[in-house]
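Read through the structure below, which is laid out as structure tokens, and then see the notes.
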Amino acid sequence: MKPLGAVLARFLFAVQRTLPPTLGIRELKAIYFTRWSVLTSFPDNGPPQVPERPPHPYLIWETDYNGVTERYIETFTYLISRQINLAWFTSYGFPHTRSVTELKNYIEQVSHPIDYHYCAYPEASVRMILSALEVAKEHQYLVEQANNRPAEEFAPVYRSFLERRQADL
């Protein structure tokens, strides 16, 4: 990161934690996990290891998604271009979001593959899980209505549920 980049990044992260809708990342439903952090020192295990500090802070972006990298970067750039520029403009070599190809090349150049990945639901996509959670919100209500109404009265309630949740089923 450039000088004072770590200070600015930490400020932006604090604002994001306070006002989550400002980032807009929730619109990207293909993301399983994402986290930004600023690395200013390396973990020290004690002697005989000598404490180390990098020559300058590093902006670390950890993310996981379910799709093709190029499409992910294109979507990310299209939906939250301003936020990407705010987060990364403090980094050396960042090409901004004017060109998806340049941004993709930059990300490939500075990225590191993961060694370990845990996924609680490997057979489900992010959209499937989010849809299931939306359906689950209404499940208890449906059970109560089914138990407290005759079938003829429950049918319209169930049809209404199906209409509202059609995209989630």
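The values are calculated or read from the model by the stated rules, or taken from the named source; none is laboratory data. These numbers were taken from a predicted model, which means no experiment stands behind them. Please note: Cβ atoms are built from the backbone with ideal geometry, for glycine as well, and neighbour counts cover all protein chains shown.
At-a-glance table
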quantity	calculated
Qualifying residue in segment 135-147 (condition: over 15 Å from the mean Cα position of the chain (by Cα), closer than 27 Å to Ala14 by Cα and among the basic types (Lys, Arg))	no
Residue ID - nearest to Ser125 (Cα to Cα), chosen from residues in segment 35-57 that are outside any loop (DSSP other than H, G, I, E, B) and in contact with a helix residue (DSSP H, G or I) (Cβ under 7 Å, 6 or more places away or on another chain)	Trp36
Residue list for segment 58-100, filter: surrounded by 12 or more Cβ atoms within 10 Å (Cβ to Cβ), modelled with pLDDT under 85 and not in a helix (DSSP H, G or I)	Trp61, Thr63, Asp64, Tyr65, Asn66, Gly67
The one condition in (1) free of Cβ contacts under 8 Å to residues at least 24 places away in the same chain; (2) farther than 17 Å from Arg35 by Cα; (3) surrounded by 15 or more Cβ atoms within 10 Å (Cβ to Cβ) that Leu103 fails to fulfil	(1)
Tally, over segment 118-137, of residues that are surrounded by 10 or more Cβ atoms within 10 Å (Cβ to Cβ) and in a loop (DSSP other than H, G, I, E, B)	4
Condition check for His112: loosely packed, with under 14 Cβ neighbours inside 10 Å, touching a residue at least 40 places away in the same chain (Cβ under 8 Å) and not hydrophobic (A, V, I, L, M, F, W, C)	no
Filter pass, Thr34 being among the polar types (S, T, N, Q), out of contact with any strand residue (DSSP E or B) (no Cβ under 8 Å at 6 or more places or on another chain) and modelled with pLDDT under 85	no
